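The values are calculated or read from the model by the stated rules, or taken from the named source; none is laboratory data. For clarity, every value in this text was computed on a predicted model and none was experimentally measured. Every residue, glycine as well, gets a Cβ built from its backbone with ideal geometry; the counts of neighbours run over all protein chains shown. Quick note on the areas: whole protein, heavy atoms, side chains included, nothing else; ligands and nucleic acids left out. Shrake-Rupley method; radii C 1.70, N 1.55, O 1.52, S 1.80 Å.
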Amino acid sequence: MKGMSRTHYAGEVTAANIGQTVTVMGWVNKRRYLHNLIFIVVRDRTGIVQVVVDEKRVSAEMYQLAKDSIRGEYVVAVTGLVIGRTPENVNPDMATGEIEIDVQALRVLSESEVPPFQVADEDVAVDTRLKYRYIDLRRPAMQHNMILRHKFSQSIRNYLSEDGFIEIETPILTNSSPEGARDYLVPSRVHPGNFYALPQSPQQLKQLLMISGFDKYFQLSRNFRDEDLRADRQPEFTQIDMERSFVEEDDVHATVEGMMAKAFKDVLDVDIPIPFERITWQDSMERFGSDKPDLRFDMELKDISALVASSDFQVFTQALESGGSVRGINAEGCAAMPRKQIDGLVELARTHKAKGLAWITLAEDGTVKSTISKFFTPEQINELASAFDGKPGDLILLCADKNSIVFNALGAVRNAAAKWRGILDPKEFRFLWITQFPLFEYSEEDDRYYAAHHPFTSPLEEDEHLLESNPSTIRARAYDLVLNGFELGSGSIRIHRRDLQDRMFAALGFTPETAAANFGHFLEALKYGVPPHGGIGLGLDRIVMLMAGEEAIRDVIAFPKVKDASCPMTHAPGPVADTQLKELGIRTE
């Protein structure tokens, strides 16, 4: 750069700098030629500023450089005098639109080939964006997201540090766990035939830190899960991980609520009311058909089993006879939904194992149509609609099956109907705690119970006696934080007694020998004075996605993977040399 030193970022040069000589450095956003003037817009991460090369005030060599040699995405350094624009030339759409820089010195620091897409182009295929991510990250929207992420992380760290938490890093190379999602495995060269696992969560380690007496721990941990991807999921992700000793549920909730309220105020200047609403898992399923409900709209489920119990419609009566239920929602304002869209809701219910949906439309002109009209009289149809407080313009959607299927199907349909209506405001943030989850999930395929959260979650004290006799009914001291229909994270009060942990492993089908083989170090630690403790892990990427108003988590991660867990830019995962495999004692077929 030959002695040139940046004095200002491009987006920070304002009318307050008029009369000052400044130096900015960045990328050429665009360039245009007008008579004897060349206008170059310089971009960096703070924004853009216009510089003017005037043929009358610069050397012929510099003017020729600006005219013939500078192209888009060249990296340049510019020194010049900040001058005010004439009123007719002020650009109100630019933060720096009141000024421009009259160039005194101009240098090309780096040239660029024509990029595969223009930075200003918003309509670029995702695969192309990710293949050339370093160019995609130049886009102002992406830079805004990365800076927002930084500010959020900074706010979190400041809040927890001021609240007495200690940031402690836990290992990336650890042991594989037999519970939970699939691990990413790393072969060991010095221990042939043995493998490390990348952590899915620092769960045991943070509990060991509580046993170690640190009392309040946190870290922004990197975690890894070898699972199928979705728009809000990545194989590697960042978690706001924390643990506290001598606490109960309300203590953990209060910490998280204060942290989130401060971060949203710091980053978005949004006031988040606290405390957050709390409902039990059972109530959430009954009301919303989901354990991560979106509270920005109503459309709550209603049970009409008693109302249709004596009907002649076999779909309803068979569901009731088999112990299920008939429930529905009033998709308010959706009567005008095209039949194709309604059919789409029916198919959505079927993807959640429902046999289908029955529906009743209450048109604005008073016309009532229904797929079950031949099984019910008009009076009965009106009675069904009245049970949902139906009014002209509403669409009643009904599902009959096992409760779990009804809940899942109507929960998904509820969200889809709200999206069709366009009533979801991305700038409205409705937080919610879901509490008292089932402690276990039963797998008919494996004929055994699995931990619904993880095997270190404590049962409610009043349910503890059911561990051996009726584990399916036990409620956990577990809680999820939910925002706008997304689970942000899960936490619980942990088991801190060795005898209870042994009983928990037994209920999960572990023999004392298999429990010792997999968790021996942890069980040993439980012998040596364990404080009551609890904590939570929150998905930082997912929170930032919602704060940024994005629909895909990849847009708040600098270098994400695609849905087959590969990286289009670096081509990871890829093959390695035979010599490396030989060192590890691995042979591929």
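What number of residues in the stretch 527-552 are hydrophobic (A, V, I, L, M, F, W, C) and either modelled with pLDDT under 95 or touching a His at 6+ places or on another chain (Cβ under 7 Å) (or both)?
Selection size over the stretch 527-552: 2.
Across the stretch 132-159, what is the number of residues that are in contact with a Pro (Cβ under 7 Å, 6 or more places away or on another chain) and crowded, with 18+ Cβ neighbours inside 10 Å? Full working, then the answer.
Step one: list which residues in the stretch 132-159 are in contact with a Pro (Cβ under 7 Å, 6 or more places away or on another chain), which gives 132, 135.
From the residues that got through so far, the ones that are crowded, with 18+ Cβ neighbours inside 10 Å too are 135.
Here the count works out to 1.
For the stretch 467-489, name all the residues that are buried (at least 21 other Cβ atoms within 10 Å of the Cβ) and of a type in the set (S, T, N, Q).
The answer is none; no residue qualifies.
Read through the list (1) more than 19 Å from G393 (Cβ to Cβ); (2) at pLDDT 95 or above; (3) not in a loop (DSSP other than H, G, I, E, B), then give the number of the only condition that T361 fails.
Just one mismatch for T361, condition (1).
Tell me, which residue of the stretch 234-285 that is part of a helix (DSSP H, G or I) and free of Cβ contacts under 8 Å to residues at least 24 places away in the same chain is surrounded by the fewest Cβ atoms within 10 Å (Cβ to Cβ)? Explain how you work it out, then say what you get.
Kept after step one, since they are part of a helix (DSSP H, G or I), are these residues of the stretch 234-285: 249-268, 281-285.
Filter once more, keeping what is free of Cβ contacts under 8 Å to residues at least 24 places away in the same chain: 250, 254, 261, 265, 283.
On the way: D250: 10, A254: 13, A261: 19, K265: 13, D283: 13.
The qualifying residue surrounded by the fewest Cβ atoms within 10 Å (Cβ to Cβ) is D250.
Please go through the stretch 290-333 and give me each residue that is assigned to a loop (DSSP other than H, G, I, E, B), touching a Lys or Arg at 6+ places or on another chain (Cβ under 6 Å) and not aliphatic (A, V, I, L, M), ordered by number.
If the condition is that a residue be assigned to a loop (DSSP other than H, G, I, E, B), touching a Lys or Arg at 6+ places or on another chain (Cβ under 6 Å) and not aliphatic (A, V, I, L, M), then R296, E300, G324, G333 are the ones that fit.
Residue-by-condition table, conditions (1) open to solvent by less than 40 Å² (accessible area, probe 1.4 Å); (2) in contact (Cβ under 8 Å) with a residue 40 or more places away in the chain; (3) on the phi > 0 side of the Ramachandran plot; (4) not basic (K, R):
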residue: K30; (1), (2), (3), (4): no, yes, no, no
residue: H35; (1), (2), (3), (4): no, no, yes, yes
residue: I38; (1), (2), (3), (4): yes, no, no, yes
residue: R43; (1), (2), (3), (4): yes, yes, no, no
residue: V53; (1), (2), (3), (4): yes, yes, no, yes
residue: E61; (1), (2), (3), (4): no, no, no, yes
residue: K67; (1), (2), (3), (4): no, no, no, no
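Output the residues belonging to the stretch 84-107 that are outside any helix (DSSP H, G or I) and open to solvent by 50 Å² or more (accessible area, probe 1.4 Å). Lay out the reasoning, then the answer.
As a first pass, look at the stretch 84-107 and keep what is outside any helix (DSSP H, G or I): 84-86, 90-107.
Answer for the stretch 84-107, where residues must be outside any helix (DSSP H, G or I) and open to solvent by 50 Å² or more (accessible area, probe 1.4 Å): T86, V90, P92, D93, A95, E98, Q104, R107.
Report, by residue number, each residue of the stretch 390-411 that is open to solvent by 20 Å² or more (accessible area, probe 1.4 Å) and either closer than 18 Å to K369 by Cβ or within 23 Å of the chain's Cα centre (by Cα) (or both).
G390, K391, P392, N408, listed by residue number.
Any residue at all in the stretch 369-380 that's part of a strand (DSSP E or B) and more than 37 Å from the chain's Cα centre (by Cα)?
Filtering the stretch 369-380 for residues part of a strand (DSSP E or B) gives 369-370.
Keeping just the survivors that are more than 37 Å from the chain's Cα centre (by Cα) gives 369-370.
Within the stretch 369-380 (the criterion being part of a strand (DSSP E or B) and more than 37 Å from the chain's Cα centre (by Cα)), the answer is yes, since at least one residue qualifies.
What is the one condition in (1) surrounded by fewer than 19 Cβ atoms within 10 Å (Cβ to Cβ); (2) modelled with pLDDT under 95 that R225 does not satisfy?
(1)
Confirm whether F559 is within 20 Å of S212 (Cβ to Cβ) and in contact (Cβ under 8 Å) with a residue 24 or more places away in the chain.
So F559 does not fit the description; no.
Within the stretch 509-519, is even one residue open to solvent by less than 20 Å² (accessible area, probe 1.4 Å), outside any loop (DSSP other than H, G, I, E, B) and modelled with pLDDT of 95 or more?
The answer is no; no qualifying residue exists.
Can you pull out every residue in the stretch 528-545 that is in a helix (DSSP H, G or I) and either in contact with an Asp or Glu (Cβ under 7 Å, 6 or more places away or on another chain) or over 19 Å from N223 (Cβ atoms) (or both)?
Of everything in the stretch 528-545, those that are in a helix (DSSP H, G or I) and either in contact with an Asp or Glu (Cβ under 7 Å, 6 or more places away or on another chain) or over 19 Å from N223 (Cβ atoms) (or both) turn out to be R542, M545.
In the stretch 457-466, how many are in a loop (DSSP other than H, G, I, E, B) and either buried (at least 17 other Cβ atoms within 10 Å of the Cβ) or β-branched (V, I, T) (or both)?
1
Test each condition in (1) open to solvent by 50 Å² or more (accessible area, probe 1.4 Å); (2) within 19 Å of V114 (Cα to Cα) for E12 and report the one that comes out false.
(2)
Output the residues belonging to the stretch 467-508 that are farther than 19 Å from K527 by Cβ, assigned to a loop (DSSP other than H, G, I, E, B) and under 31 Å from the mean Cα position of the chain (by Cα).
Those that are farther than 19 Å from K527 by Cβ, assigned to a loop (DSSP other than H, G, I, E, B) and under 31 Å from the mean Cα position of the chain (by Cα): I474, R477, N484, G485, L508.
Would you please name the residue that is farthest from A409 (Cα to Cα), looking only at residues in the stretch 319-346 that are without any contact (Cβ under 8 Å) to a residue 60 or more places away in the chain and open to solvent by 70 Å² or more (accessible area, probe 1.4 Å)?
In the first step, residues of the stretch 319-346 are kept if they are without any contact (Cβ under 8 Å) to a residue 60 or more places away in the chain; the result is 321, 336, 338-340, 342-343, 346.
Pick out the ones that are also open to solvent by 70 Å² or more (accessible area, probe 1.4 Å) and you get 321, 336, 339-340.
Working: E321: 20, A336: 22, R339: 19, K340: 18 Å.
This residue is A336.
Find all pairs meeting these conditions: Cβ atoms under 8 angstrom apart; at least six residues apart or on different chains; first residue within the stretch 409-429 and within 18 Å of A336 (Cα to Cα); second residue assigned to a helix (DSSP H, G or I) and open to solvent by 60 Å² or more (accessible area, probe 1.4 Å).
If the second residue must be assigned to a helix (DSSP H, G or I) and open to solvent by 60 Å² or more (accessible area, probe 1.4 Å), the pairs left are W420/Q341.
Answer yes or no: is there a residue in the stretch 7-25 that is of a type in the set (D, E, K, R), on the phi > 0 side of the Ramachandran plot and either at pLDDT 95 or above or in a strand (DSSP E or B) (or both).
Scanning the stretch 7-25 turns up no residue that is of a type in the set (D, E, K, R), on the phi > 0 side of the Ramachandran plot and either at pLDDT 95 or above or in a strand (DSSP E or B) (or both).
Tell me the residue from W420, W359, W433 that is open to solvent by 40 Å² or more (accessible area, probe 1.4 Å) and in contact with a helix residue (DSSP H, G or I) (Cβ under 7 Å, 6 or more places away or on another chain), please.
Numbers: W359 fails: open to solvent by 40 Å² or more (accessible area, probe 1.4 Å); W433 fails: open to solvent by 40 Å² or more (accessible area, probe 1.4 Å).
So the residue among W420, W359, W433 that is open to solvent by 40 Å² or more (accessible area, probe 1.4 Å) and in contact with a helix residue (DSSP H, G or I) (Cβ under 7 Å, 6 or more places away or on another chain) is W420.
For residues in the stretch 194-203 being open to solvent by 60 Å² or more (accessible area, probe 1.4 Å) and of a type outside the set (S, T, N, Q), which is farthest from I586 (Cα to Cα)?
For the stretch 194-203, the residue satisfying everything is Y196.
What residue, of A515, A525, is in contact (Cβ under 8 Å) with a residue 12 or more places away in the chain and more than 29 Å from L220 (Cβ to Cβ)?
A515
Among the residues of the stretch 108-131, how many are open to solvent by less than 60 Å² (accessible area, probe 1.4 Å) and in a helix (DSSP H, G or I)?
4
Looking only at residues that are at pLDDT 95 or above and of a type in the set (S, T, Y) in the stretch 64-81, which one is nearest to the chain's Cα centre (by Cα)?
Ranking the candidates gives Y74 first.
Under 6 Å between Cβ atoms, at least 6 apart or on separate chains: pull out the pairs that start in the stretch 286-311 with a residue that is over 12 Å from N403 (Cα atoms) and open to solvent by less than 20 Å² (accessible area, probe 1.4 Å) and end on any residue that is among the β-branched types (V, I, T) and not in a strand (DSSP E or B).
If the second residue must be among the β-branched types (V, I, T) and not in a strand (DSSP E or B), the pairs left are F297/I423.
G164 - would you say it is touching a residue at least 12 places away in the same chain (Cβ under 8 Å), open to solvent by less than 50 Å² (accessible area, probe 1.4 Å) and part of a loop (DSSP other than H, G, I, E, B)?
On the way: touching a residue at least 12 places away in the same chain (Cβ under 8 Å): yes; open to solvent by less than 50 Å² (accessible area, probe 1.4 Å): yes; part of a loop (DSSP other than H, G, I, E, B): yes.
It is true that G164 is touching a residue at least 12 places away in the same chain (Cβ under 8 Å), open to solvent by less than 50 Å² (accessible area, probe 1.4 Å) and part of a loop (DSSP other than H, G, I, E, B).
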